[in-house]
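S.K.: Have a look at this one before I ask anything.
The values are calculated or read from the model by the stated rules, or taken from the named source; none is laboratory data. Just so we're clear, the structure is a prediction, and the values are computed from it rather than from any experiment. Here the Cβ is made from the backbone with ideal geometry for all residues, glycine too, and neighbour counts use every protein chain on show. For accessibility, only protein heavy atoms count, side chains too; no ligands or nucleic acids. Shrake-Rupley method; radii C 1.70, N 1.55, O 1.52, S 1.80 Å.
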Amino acid sequence: MADFLFFLQQITNGLALGAVYALLAIGFSMIYGILRMMNFAHGDLYAFATIFIAALLIDEISVILAIPLGIVVGTVVGIVIERVCYRPLRFVDRTIAIVSSLGAAFILRNGSEYFWGVHALRFPLLLGQQQVPIAGVNFPVTAFYVIAAALASLALFGLFMRRSKIGSGILFVAQDIPTSSLMGIPINRTIVLVYAIGGALSVVGGVLYGSIYGVVFPAMGFPGTIKAFVAAVVGGIGNLGGALIAGLLLGVIETVVVVYGAQFFGMPTGYRDAAAFILLVVFLLFKPTGLMGTRVSMTEVGAIASMGYSAVAKKTVRLLGLVAVPRAALAPAAVAVAVLLPLVLTDQYYLRIISIVFMYSIAVLGMNLVLGYCGQFHFGQAGFMAIGAYTTALLLLHTETNFVVALLISGGLALVAGLLIGIPALRVRSDYLGLVTFAFGEIVRLIIVNSEFTRGPMGLPGIPLPELFGVKIVTPVDFYYYALVLLVLAYAMCAQVTRSYIGRAWRAIYEDETAAEAMGINTGRYKILAFGLACFLGGIAGAYWATQLRIVTPTMFELDLSVMVIIMLVLGGMGNLPGSIIGAAIMIGATELLRPIADVRSAFIGLVMILVPIFRPQGLFVDLGPTLARGWARIRGSRPTGADGGGR
């Protein structure tokens, strides 16, 4: 009896946590269900507003005043995110809009850290700490209050959606934007309202989270985004009831895994997040419509058509600058300059920085193949870089494997892992492929953190120096040339492939996958090839990084690394191979130049991530046409000239 009551206690705790996830998931589900855009700033908005409330309460502001003010802040920030980060980019590639939302997330997190510090803030236990003993097992009354408060909030929201004209308008817009517009529903105003409601619900979730755990902190934002999206996908995108059920289910699964995994299997608590990612992968591969989603609402074709996106996509392909590589004479000239550079630039610090740029460029080139040319969203490059880095480290530390062989094995293992993920992931469309790769990358990191053979968080130090033809690579100049050789080989491979019939097939898939299939192109085979090559280059980049630093740790391969690779790609221009190198140089250079203002560096980078997609969605060094005019047109909310397929 006691064991059963203990089990019920854990279920109760899980439902309380799941209620918070449900509140976050509903806002996320509404936004993604209407616009098919992932709002990566959603969790940081919830963290920012909740920390704002905690700061007010610490300053002894009344709870009755602090919580409504926090909800207002969350609502206003949600509206600003829609107006600045999403509406100007509604008619361009969604990857670019994701970068803009990540910029907003950077600004919100940096703002929280700047104003209130990086450490946790105490949040009062508004619902008390009472417990009810039943047969020797204490049930927390707080959990029941949290569940009741969340369900009441969701019930009121459900009544609003079904009984009010505004709610009905939101549901109509979620089904079909063009038809809703013809019915007289104000589309822009409705979308703004969705962001506002999502922001308000997230703040309610944040208050309940603080009431459960007694602390709030800036870093809780992105995990909140991920859990919200997992719940939204598992429940069925756009289905609010499904988001509620999936949020509760996710909270229960995480709690049960932590408690019983440790009790019966000695499983580290770090695997609680892995449960969410495994659940996400299973649903994406075997039931991508979720628990309560419908196939009509989930298909990419229907979503794109409902936005009038087919013509826009063709315009975007031209706008993004899917251009040929530079003339044949420019590439050798660039290589010659790079070879001679150490003779002029003798500062070893700058040579190290340039070597890092080369390393990132290799990873970005791989991302460019799968995303810039083939149009398949890949959000897990950090995981494949981790595979390459740890494989090289283990081989060089524990075997007599030749360095070149270790490098090739590392890239090969990353390639195999990519194929194992990519082949079944063909069941889903581009957005969901990105989520599968993201989940895989996080699972790889969690395995590394919690495994003995990788030494967990301690990492693998003392990696032997690489040796080539009997000569050890020791100095920064040596590593510079080592990185340069890898980059030249990677670039030559990418250039050759993209010029071939394979590259032409990728472009056809990017523009219209259905039309490409009708033309006889085996789209599955070509997508797998692009994904495999991207993973291979990621593994090579990770292997180089391990030998240069001579240590690998799990913190090197967190999600921020995948985000940085995508940002570099967008800055340089998708479908533009030289842009991969330029984007890496800009990002790494900006990071170094902004060291004197480290307190606000992330916010500054976030601002650049918002402005560049608005003014240069095709990349900073592609299509240098009437850029400013297009940018201001987007800010005003009007569609750029030619966005409907006509004009240029």
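S.K.: Where nothing but the Cβ of Lys and Arg (+1) and of Asp and Glu (-1) is charged, how large is the charge dipole of the chain around its Cα centre, in debye to the nearest 20?
M.R.: Values: 39 positive and 28 negative charges, 344 e Å.
Value, rounded to 20: 1660 debye.
S.K.: Which one, Y481, A508, L559, projects farthest toward the positive side of the charge dipole computed for region 454-561 from Cβ point charges (K/R +1, D/E -1)?
M.R.: Going by the Cα projections, it comes out as Y481.
S.K.: Between I166 and L611, how many nm apart are label points set 7 Å from Cα along the C-beta direction?
M.R.: Going from the I166 label point to the L611 one covers 3.4 nm.
S.K.: Roughly what angle does helix 601-615 make with the longest principal axis of the chain, taking Cα atoms, 0 to 90 degrees, to the nearest 10?
M.R.: Helix 601-615 and the main axis of the chain meet at about 80 degrees.
S.K.: If amide hydrogens are placed 1.01 Å from N in the peptide plane, which non-local residues have theirs closer than 5 Å to the one on L468?
M.R.: HN-HN under 5 Å from L468: I473.
S.K.: Next question. Could you go through region 177-191 in sequence order and give the Karplus-derived ³J(HN,Hα) for each residue, using 6.51 cos²θ - 1.76 cosθ + 1.60 with θ = phi - 60°, rounded to whole Hz, and x for Gly and Pro?
M.R.: 3J(HN,Hα) across region 177-191, in whole Hz: 5, x, 5, 4, 5, 5, 7, x, 6, x, 5, 4, 5, 5, 5.
S.K.: Starting from the amide H of V215, placed 1.01 Å from N in the peptide plane, find each other amide H under 5 Å away whose residue is 5 or more places distant or on another chain.
M.R.: Those qualifying (amide H under 5 Å, at least 5 residues apart or on another chain) are F123.
S.K.: In addition: Where both partners of a DSSP beta bridge lie in the chain, what percent of those bridges are antiparallel, to the nearest 5?
M.R.: Roughly 100 percent of the beta bridges in the chain run antiparallel, per DSSP.
S.K.: Taking all protein chains as present, what is the carbon and sulfur share of the accessible area of the chain, in % to the nearest whole number, probe 1.4 Å?
M.R.: 68 percent
S.K.: A further question on this structure: Give me the number: length gained by fully extending V63 to E517, i.e. 0.36 nm times residue separation minus the C-alpha to C-alpha distance, one decimal in nm. Intermediate results must be reported in sequence, preceding the final value.
M.R.: Values: separation 454, 0.36 × 454 = 163.44 nm, distance 5.91 nm.
This chain segment gains 157.5 nm when fully extended.
S.K.: What residues have an amide H closer than 5 Å to that of Q131, excluding those fewer than 5 places away on the same chain, when H is modeled at 1.01 Å from N in the peptide plane?
M.R.: V141
S.K.: Skip the ligands, DNA and RNA, and give the accessible area per residue of region 2-286 with a 1.4 Å probe, whole Å².
M.R.: About 38 Å² of surface per residue is accessible.
S.K.: State the Cα centre-to-centre distance between region 166-181 and region 223-287 in whole Å.
M.R.: When both Cα centres are located, 30 Å separates them.
S.K.: Rounded, prolate or oblate for region 386-542? Axes are the square roots of the Cα gyration tensor eigenvalues, ordered a ≥ b ≥ c, and the cut-off for rounded is a/c under 1.5.
M.R.: Oblate is the answer for region 386-542, as a/c is 1.5 or above yet b/c matches or exceeds a/b.
S.K.: Also, quick follow-up: Per residue of region 161-168, what does 6.51 cos²θ - 1.76 cosθ + 1.60 with θ = phi - 60° give for ³J(HN,Hα)? Whole Hz please, x for Gly and Pro, Karplus curve as stated.
M.R.: 3J(HN,Hα) across region 161-168, in whole Hz: 5, 9, 9, 9, 5, 5, x, 4.
S.K.: What ³J(HN,Hα) values, in whole Hz, does the Karplus curve 6.51 cos²θ - 1.76 cosθ + 1.60 give for region 87-94 when θ = phi - 60°, with x put for Gly and Pro?
M.R.: The phi angles translate into 4, x, 10, 5, 10, 10, 4, 5 Hz.
S.K.: Right, something else. Do the sum for the chain: with -39,500 (n - 2.57) for every DSSP H run of n ≥ 4, divided by all residues, what is the mean residue ellipticity at 222 nm, to the nearest 500 deg cm²/dmol?
M.R.: -23500 deg cm²/dmol
S.K.: Still on this structure, I have one more. Using the Cα centre of the chain as origin and beta-carbon charges of +1 (Lys, Arg) and -1 (Asp, Glu), tell me which of Y260, L577, G43 is placed farthest towards the positive end of the dipole.
M.R.: Positive-most Cα among the choices belongs to L577.
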